[in-house]
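Okay, so here's the structure we're looking at.
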Amino acid sequence: MKKKLAMLLIFTVAISMLAACGSKSTDNKGTAEGVTAIEFWTANNPPQQAYWESLAKEYETVNPKIKINVSPMKETPSSEANIQSAIAGGSAPTLSENISRGFAAQLTNSKALVPLNTMAGWDDIVAGRNMTNTIESWKFSDDNQYVLPISSNAMLFGWRLDILKELGYNEPPKTYSEMLDVAKKLKVKYPDKYVWAKADLADPAAWKRWFDFFMLYNAASDGNKFIEGGKFVADDKAGIATLGLMDNLRKEKSLLAENITDPFETGVGIFTDIGPWTLNYWAEKFPELKYNETYTLAAPPVPDDVKVDHPKTFADTKGIVIYASAPKEKQEAAMEFMKWVYSDAKHDLQWFEKTNMPPARDDLSTNDVFKAFLDENPALKKYAEAVPYAVPPMDNAKFNELQTFIGQEAVNPVVRGQIDPTTGWNNMKKAIEEALK
Amino acid sequence: METKNNNKLGWLFASPYLIYGFVFFLGPLIWSLYLAFTNWDLIAPNYDFVGFSNFIKAFKNPAVQSSFWVTYKFMMVFVPLVTAASLAVAMIVQGLPKLKSVFLIGFFLPYLSSGVVSSLIVKGLLSYNSPVNAFLRDTFGIKINWLGTPFTALMIVALIIAWKFAGYYALILTSGLESIDKEVYEAAAIDGVSRRQRFWTITLPLLYPAIYTTLILSFGVTFGIFTEVYQLTGGGPNYATNTWQMEIYNQAFKNLQAGYASAIAILAAIVTFISIFVIKKLLEMWGKRNGWV
């Protein structure tokens, strides 16, 4: 009896081990019968997933030798964390989209990505999509291109036009002093309203600086870089001016940096950052918001002494990367797919229609392919016109830590009134330079 | 001879869990110890050995320093709160004539709820334009930035976790109350002992083993706080709620400094073990001094 029990246990363990071994064999079905299968991870949202699935199917009819397995990335706790664990675990896909330039810098630092400009077909993609100018600002400090831009969401600020008109303005402020004038008048008429109501201003999370500090800094500095090649190269004057704006708004009691729900939509705040993806959300949740009636879109305001026709802004750019861990033939197949996708502007139009996110190309506002769609969507046209003036995020592997310092040492304490802008800037600068050593 | 064979069989039956423990606990622990001396970034195939620089950096980091103190702050708030709440629940339920199980299960349910969900609900409740805050502003002119103020942020997180664990600990205390001999209370009643005196001189002393358990558990909880902090405050404001787990997460998965995060994790483990050991000894001394053990 004892021996039988022992044998049963051993048998059970053996079966379990065999099952574990068996599951690995499915990983070797990458290439079979002359067909190269590539794994494509998309963003975890229905429009983008649907877009890529339809293109993949269409492409497979054109080129039966390449099969594209499209699947959404998990986003718990974050898509970046899932990609990291996939790479570390040896199960990275061939390519994935929705990769920010900052995250790509982290991956590049670990040699996880293929430099796309070294791949055959790269020049064809750039020329075919007419993004020679756009792609320049995507170049990494080592002069390689690791991310193929999909969309360039030039962030704009929204203004409650209905409230501005009540205050006597027909268009949004363009300079800091004009903005402060609005703040003064707003407080007189509506003591409970704020120019800028945003919880994230008090949050040190790194990515949130893209949608407050960097939008303003890029405008104030006319696109001066913040970090370049591992060195802090920011424009001190522009940076302090940016913090100064926040501080002055706080002094006018026109800045609310608290946990608040939909402040712009409910009219508590009349100024906020808006990405093109917000328009779909508003269409469902806040249909009363009408472009050029209830709200308008504008480039970031600039300091009074900054004279530019088109202020720069932050580009919330996402792109496609190819993973170095993928076999060479799969990498080449991925490039073939990308070349096909971006050889036809209609594919970008399809993207624009499905996601509302402007394709990253030089001719977006001039190409006839997009004219009809843009005419029907004047708000999106505003974003399209801003694409050439959008600055992508920094490409430093430590971007997360560095941008956290911007919040912790500068933006957060300034909006709380704990320190003055100059002190905040210097503290931030010191922390960043220390981290870059 | 038969005894020896039984031992072998025992080890054989225990082997699945032993293997599980070695693979998923001992292995990662050793790997973490090793990583703490490297600069691995979770992805790169290569990394450098950096000696003790990760530990030195951790000691100098204000965020890590705040983790150390924040844990004890949470302890001072959370432990009394959850102990009082769970004891109150246990006493109330124990005094019910009927449906004790139903109420106990009801109080236990928060323990099963997702920390993420409860955190998001609280975040909505504390929003600037929530009914609660609108009422306070309009009626009393009170403006409180609940999650943006260090003190209130800490209190809110502690309250959520206390709400979550009170019912669970109440179960333990209820079983402790059940084990108290009813004759002791009857004898006390005959002697004219008041209800309040009965609580302090009979219930509490005899409940000591159960209270000891819940106290140790609640002290341990404060070293593992993450979900509520992550969802509500992100460790802020000004590191006021930055716990060990939050800092480890930030360094490992946001900054991709796995080696550095491992060093912080080891420091956290050391602090945790020392703290729990000291607290355990203090509780035992307290019990002995009062003659409860």
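Values computed for the structure shown
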{"quantity": "Rule-of-thumb Rg ratio for region A:116-240 [Cα; 2.2 N^0.38 Å; N residues]", "calculated": "1.42"}
{"quantity": "More than 53 angstrom apart: percent of Cα pairs within the protein assembly as shown", "calculated": "21 percent"}
{"quantity": "Radius 12 Å from Cβ of A:Val114, net charge of other residues (Lys, Arg +1; Asp, Glu -1)", "calculated": "+2"}
{"quantity": "Accessible area of region A:82-126 divided out per residue, in Å², using a probe of 1.4 angstrom", "calculated": "31 Å²"}
{"quantity": "Gain upon complete extension [B:Arg196, B:Asn61; 0.36 nm per residue less C-alpha separation]", "calculated": "43.7 nm"}
{"quantity": "For chain A: Kirkwood Rh in Å [reciprocal of mean 1/r, alpha carbons]", "calculated": "23.6 Å"}
{"quantity": "222 nm mean residue ellipticity, helices alone, for chain A (DSSP H n ≥ 4; -39,500 (n - 2.57); rounded to 500)", "calculated": "-13500 deg cm²/dmol"}
{"quantity": "In Å, descending, principal axis extents of the Cα set of region B:43-131", "calculated": "66, 33, 30"}
{"quantity": "For region B:150-293, Kirkwood radius (reciprocal of mean inverse C-alpha pair distance, Å)", "calculated": "18.0 Å"}
{"quantity": "With all protein chains modelled, accessible area of B:Arg137 [1.4 Å, Å²]", "calculated": "50 Å²"}
{"quantity": "Per-residue HN-Hα couplings for region A:176-191 [Karplus 6.51, -1.76, 1.60; θ = phi - 60°; Hz; x = Gly/Pro]", "calculated": "4, 5, 5, 5, 5, 4, 4, 4, 4, 5, 5, 5, 5, 7, 10, x"}
{"quantity": "Region A:133-271 - percent of accessible surface contributed by carbon and sulfur, probe 1.4 Å", "calculated": "47 percent"}
{"quantity": "Test item: Cα-centred dipole of the protein assembly as shown, Lys/Arg +1 and Asp/Glu -1 on Cβ, debye", "calculated": "2920 debye"}
{"quantity": "Two-decimal ratio, region B:191-238, of alpha-carbon radius of gyration to 2.2 N^0.38 Å", "calculated": "1.92"}
{"quantity": "Environment charge at B:Ala187 (Cβ cut-off 14 Å; Lys +1, Arg +1, Asp -1, Glu -1)", "calculated": "-2"}
{"quantity": "Förster radius 35 Å - calculated FRET efficiency between B:Ile30 and B:Lys4, Cβ distance, rounded to 0.05", "calculated": "0.65"}
{"quantity": "Listed residue (A:Ala299, A:Ile322, A:Pro276) projecting farthest to the positive dipole end of region A:274-329, Cβ model", "calculated": "A:Ile322"}
{"quantity": "Positive-pole candidate from B:Leu125, B:Trp163, B:Val184, dipole of region B:106-256, charges at beta carbon", "calculated": "B:Leu125"}
{"quantity": "Within a Gaussian network of chain B (alpha carbon springs, distance under 10 Å), most fluctuating of B:Leu204, B:Leu171, B:Leu215", "calculated": "B:Leu204"}
{"quantity": "Shape metrics for chain B, restricted to C-alpha atoms - Rg then Dmax, Å", "calculated": "23.8, 83"}
{"quantity": "Antiparallel bridge percentage (DSSP; both residues within the protein assembly as shown; nearest 5)", "calculated": "60 percent"}
{"quantity": "Proximal aspartates and glutamates to A:Lys74, defined as alpha-carbon separation beneath 17 angstrom and excluding residues fewer than eight positions away on the same chain", "calculated": "A:Glu39, A:Glu53, A:Glu97"}
{"quantity": "Among the listed pairs A:Lys165/A:Lys225; A:Lys185/A:Lys225; A:Lys187/A:Lys290, those beyond 30 Å (Cα-Cα)", "calculated": "A:Lys165/A:Lys225; A:Lys185/A:Lys225"}
{"quantity": "Greater than 20 Å apart at Cα, pairs in A:Lys198/B:Lys123; A:Lys174/A:Lys430; A:Lys312/A:Lys354; A:Lys346/A:Lys381; A:Lys312/A:Lys381", "calculated": "A:Lys174/A:Lys430; A:Lys312/A:Lys354"}
{"quantity": "Protection-proxy order for peptides A:253-265, B:48-60, B:7-19, B:219-231, each taking the mean of Cβ atoms within 10 Å per residue, highest first", "calculated": "A:253-265, B:219-231, B:48-60, B:7-19"}
{"quantity": "Coordinate range along principal axes, alpha carbons of region B:104-182, Å, largest first", "calculated": "54, 26, 22"}
{"quantity": "Simple spin-label estimate for A:Thr175 and B:Ala269 in nanometres, 7 Å along Cα-Cβ", "calculated": "6.1 nm"}
{"quantity": "Cβ-based charge dipole, the protein assembly as shown, positive-most Cα from A:Ile240, B:Val79, B:Thr149", "calculated": "B:Val79"}
{"quantity": "Reduced Cα scattering model of region A:297-437, Debye log10 I(q)/I(0), q = 0.10, 0.12, 0.15 Å⁻¹", "calculated": "-0.57, -0.77, -0.99"}
{"quantity": "Candidate lysines - alpha carbon under 19 Å from A:Lys65, same-chain residues fewer than 8 apart omitted", "calculated": "A:Lys29, A:Lys57, A:Lys328, A:Lys330, A:Lys339"}
{"quantity": "For the pair B and A, total buried accessible area rounded to nearest 100 Å², probe 1.4 Å", "calculated": "2600 Å²"}
{"quantity": "Net +/- balance of residues flanking A:Ile227 in space, Cβ distance below 9 Å, scoring K and R +1, D and E -1", "calculated": "+1"}
{"quantity": "Overall dimensions of region A:124-164 as given by Cα atoms, namely Rg and Dmax in Å", "calculated": "15.9, 49"}
{"quantity": "Label point distance in nm, A:Lys430-A:Tyr190, each placed 7 Å from Cα along Cα→Cβ", "calculated": "4.1 nm"}
{"quantity": "Rg/Rh ratio calculated on Cα atoms of region B:1-67 (Kirkwood radius)", "calculated": "1.30"}
{"quantity": "Neighbouring partner chain Cβ atoms per residue of B:39-50, average, 10 Å criterion", "calculated": "4"}
{"quantity": "Charge dipole (debye, nearest 20) of region B:173-229; +1 at Cβ of Lys and Arg, -1 at Cβ of Asp and Glu", "calculated": "180 debye"}
{"quantity": "Net charge dipole size for region A:353-437 [Lys, Arg +1 and Asp, Glu -1 on Cβ; Debye, nearest 20]", "calculated": "260 debye"}
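The values are calculated or read from the model by the stated rules, or taken from the named source; none is laboratory data. Nothing here was measured: the structure is a model prediction, and the numbers come from that model. Note that we place each Cβ from the backbone using ideal geometry, even for glycine, and neighbour counts take in every protein chain shown. Ligands, DNA and RNA are stripped out before the accessible areas are found, and what is left, the full protein with its side chains, is counted by its heavy atoms. Shrake-Rupley method; radii C 1.70, N 1.55, O 1.52, S 1.80 Å.
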